[in-house]
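These notes are about the structure you will find just below.
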Amino acid sequence: MRVTGDPAGAFARSPVDVLQACGVAFSVHEHAPITGHANAERELGMPAEQMLKTMVFRAGAATVLVALPARSRVHYGKLARAVGVQRSMLRRAGPDDLGRIGMMPGGASPVCGADGVMTVFDVSALEMGTVYCGSGSAGRTVKIEAKTLIDLVRPIIAAVAADPAAEITSQDVP
């Protein structure tokens, strides 16, 4: 299991503060709190094809951030293999878990350096250009190049999305 953190403490700030401190190109869109890609698409006019959602899981004591296209579902078995844990160790993170890493429901971001956090990007993110992703807050969305995110975060890259043609099971539901 690969866990990343920032011993210097630069990532103790919000994801937006981290992006600013790293000097990468991005913009922030302020809006009323929104959850779900369908709402973002409808209310904000953001194309779902450019939305990179971040789901948060617990794997024992570790927190796992999973970034994948908004319309994709996480396949728990594939995710467990990617982070080197048994499937039974994975569970969706709750609001308290999000709070411990400085995020809120509806605003999870792939940018986080809190201790005990690992980040996984679905392999499909490698082919995305400009993306909209969480900022840590449900009322702000970050617009950034996927390559910039990947270069900054240095995530595990793995095929963790469920096959869209496969029958949806409880393991695939986000």
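The values are calculated or read from the model by the stated rules, or taken from the named source; none is laboratory data. Small disclaimer: the values here were computed from a predicted structure and weren't measured. Here Cβ is always computed from backbone atoms with ideal geometry, including for glycine, and neighbour counts include all displayed protein chains.
Scanning region 72-101 for residues that are surrounded by 19 or more Cβ atoms within 10 Å (Cβ to Cβ) and either among the small types (Gly, Ala, Ser) or free of Cβ contacts under 8 Å to residues at least 12 places away in the same chain (or both) returns Ser72, Ala80, Ala82, Ala93. Residue count for region 155-174 satisfying the condition of being at pLDDT below 95 and either aromatic (Phe, Trp, Tyr) or within 24 Å of Gly102 (Cα to Cα) (or both): 1.
Of all the residues in region 82-140, those that are under 12 Å from the mean Cα position of the chain (by Cα) and of a type in the set (Asp, Glu) number 1.
Just to be sure before I move on: is Val120 outside any helix (DSSP H, G or I) and surrounded by 21 or more Cβ atoms within 10 Å (Cβ to Cβ) in the structure I sent?
Details: outside any helix (DSSP H, G or I): yes; surrounded by 21 or more Cβ atoms within 10 Å (Cβ to Cβ): yes.
In short, yes.
Quick check on this structure: which one of Ala32, Ala25, Ala40 is at pLDDT 75 or above, closer than 17 Å to Tyr132 by Cβ and surrounded by 15 or more Cβ atoms within 10 Å (Cβ to Cβ)?
Answer to the check: Ala40.
Would it be correct to say that Val131 is in contact with a Leu (Cβ under 9 Å, 6 or more places away or on another chain), assigned to a strand (DSSP E or B) and not aromatic (Phe, Trp, Tyr)? Talk me through it step by step, then tell me what you get.
On the way: in contact with a Leu (Cβ under 9 Å, 6 or more places away or on another chain): yes; assigned to a strand (DSSP E or B): yes; not aromatic (Phe, Trp, Tyr): yes.
In short, yes.
Screening region 77-109 for residues that are among the aliphatic types (A, V, I, L, M) and assigned to a helix (DSSP H, G or I) and picking the one that is farthest from Ala67 (Cα to Cα) gives Met89.
Okay, residues lined up against (1) aliphatic (A, V, I, L, M); (2) in contact with a Lys or Arg (Cβ under 6 Å, 6 or more places away or on another chain); (3) on the phi > 0 side of the Ramachandran plot:
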{"residue": "Thr63", "(1), (2), (3)": "no, no, no"}
{"residue": "Tyr76", "(1), (2), (3)": "no, yes, no"}
{"residue": "Arg87", "(1), (2), (3)": "no, no, no"}
{"residue": "Leu98", "(1), (2), (3)": "yes, no, no"}
{"residue": "Cys133", "(1), (2), (3)": "no, no, no"}
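Tell me whether region 79-101 contains one or more residues that are within 22 Å of Ile144 (Cβ to Cβ) and either modelled with pLDDT of 90 or more or in contact with a strand residue (DSSP E or B) (Cβ under 8 Å, 6 or more places away or on another chain) (or both).
So in region 79-101, the residues within 22 Å of Ile144 (Cβ to Cβ) come out as 98, 101.
Imposing the further condition that a residue be either modelled with pLDDT of 90 or more or in contact with a strand residue (DSSP E or B) (Cβ under 8 Å, 6 or more places away or on another chain) (or both) reduces the set to 98, 101.
Looking through region 79-101, at least one residue is within 22 Å of Ile144 (Cβ to Cβ) and either modelled with pLDDT of 90 or more or in contact with a strand residue (DSSP E or B) (Cβ under 8 Å, 6 or more places away or on another chain) (or both).
Checked across region 46-69, the condition of being touching a Gly at 6+ places or on another chain (Cβ under 6 Å), of a type in the set (A, V, I, L, M) and assigned to a helix (DSSP H, G or I) holds for no residue.
Taking the stated definitions as given, is Val18 at pLDDT below 95, under 16 Å from the mean Cα position of the chain (by Cα) and either more than 13 Å from Tyr132 (Cα to Cα) or not in a helix (DSSP H, G or I) (or both)? Talk me through it step by step, then tell me what you get.
Working: at pLDDT below 95: yes; under 16 Å from the mean Cα position of the chain (by Cα): yes; either more than 13 Å from Tyr132 (Cα to Cα) or not in a helix (DSSP H, G or I) (or both): yes.
So Val18 fits the description; yes.
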